[in-house]
Amino acid sequence: MTDARGYHHGDLRRVLLAAAAVAIEESGPAALSLRDLARRAGVSHAAPAHHFGDKPGLLTALAVEGFDLLAAALKAGDGLLEMGVAYVDFAVRRRAHFEVMYRSDLYRADAPEVVAARGRSRAVLRSAVADLPPGPGAAGGVAGDALAAWSIVHGFATLWNAGALPDEAGDDPREAARVVIRRLFGSRVDARGRAAPAARSPRTPA
């Protein structure tokens, strides 16, 4: 199936999502409109509404895409350290997705496809902390470690994207994140950023 401009149905959806990401990076999500999106993609004004219904529907689809892209990026990280670096890299390279994903007021956060995609990305992160040895004040088990790890990398990424970090952070977000993560998790990861050898048997989730 193609539209009047020659796009196949699935291709047009991808084109619209890509155009939305560019628009959000340029002007933020508040300024995005379906009419402007159609203009950017070079399609009829009705095309975005046909695919997404309305603006919240469009941003819901963008959030789902973002969570799935994040899950894939995290899976490519070898161990907790590099997984955290991958999170920061994702946030820096895909700023539009990152901004929308964690602004649940912008889209239908309780939509089944969002819940599933968000769950997939969280599961990858939890898998990385499951083998960590207990740390100081380790109440909360795997869930507590996952929350701590996410808070560290998400906070760092948010500060980096806002330009709020001091000059000492340098100009390489991946390397700066690597230093921060290693400093905070210390002896709980080995030289390669994986769970320390003493923690190879998985813990029971809290």
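The values are calculated or read from the model by the stated rules, or taken from the named source; none is laboratory data. Fair warning: this is a prediction, and the values are worked out from it, not measured in the lab. When we count neighbours, we look across all protein chains shown, and the Cβ atoms used for this are built from the backbone with ideal geometry, even at glycine.
Among the residues of the range 74-126, what is the count of those that are touching a Leu at 6+ places or on another chain (Cβ under 7 Å) and not aliphatic (A, V, I, L, M)?
Total meeting the criteria: 6.
ALA123 - would you say it is free of Cβ contacts under 8 Å to residues at least 60 places away in the same chain, within 12 Å of the chain's Cα centre (by Cα), part of a helix (DSSP H, G or I) and under 16 Å from TRP150 (Cα atoms)?
In short, no.
Suppose we filter SER127, SER104, SER121, SER151 for residues that are surrounded by 19 or more Cβ atoms within 10 Å (Cβ to Cβ) and either over 16 Å from ALA177 (Cα atoms) or not assigned by TED's automatic domain parsing to the domain that holds LEU16 (or both); which single one remains?
When all the criteria are applied, what remains is SER121.
Can you find, within the range 175-194, the residue that is modelled with the highest pLDDT among those that are over 19 Å from LEU74 (Cβ atoms) and part of a helix (DSSP H, G or I)?
Restricting to residues being over 19 Å from LEU74 (Cβ atoms) and part of a helix (DSSP H, G or I), the top hit is VAL179.
Can you say whether PHE98 is among the aromatic types (Phe, Trp, Tyr), over 24 Å from LEU165 (Cβ atoms) and at pLDDT 95 or above, as far as the supplied structure shows?
So PHE98 fails the test.
Find the helices (runs of 4 or more DSSP H) located wholly in the range 12-109 whose residues include 1 or more that are closer than 30 Å to LEU184 by Cβ, and list them.
Helices (runs of 4 or more DSSP H) meeting the threshold: 55-75, 80-93, 95-101.
Just need a number here: residues in the range 46-95 that are hydroxyl-bearing (Ser, Thr, Tyr) and more than 23 Å from TRP160 (Cβ to Cβ).
Residues meeting the conditions: 1.
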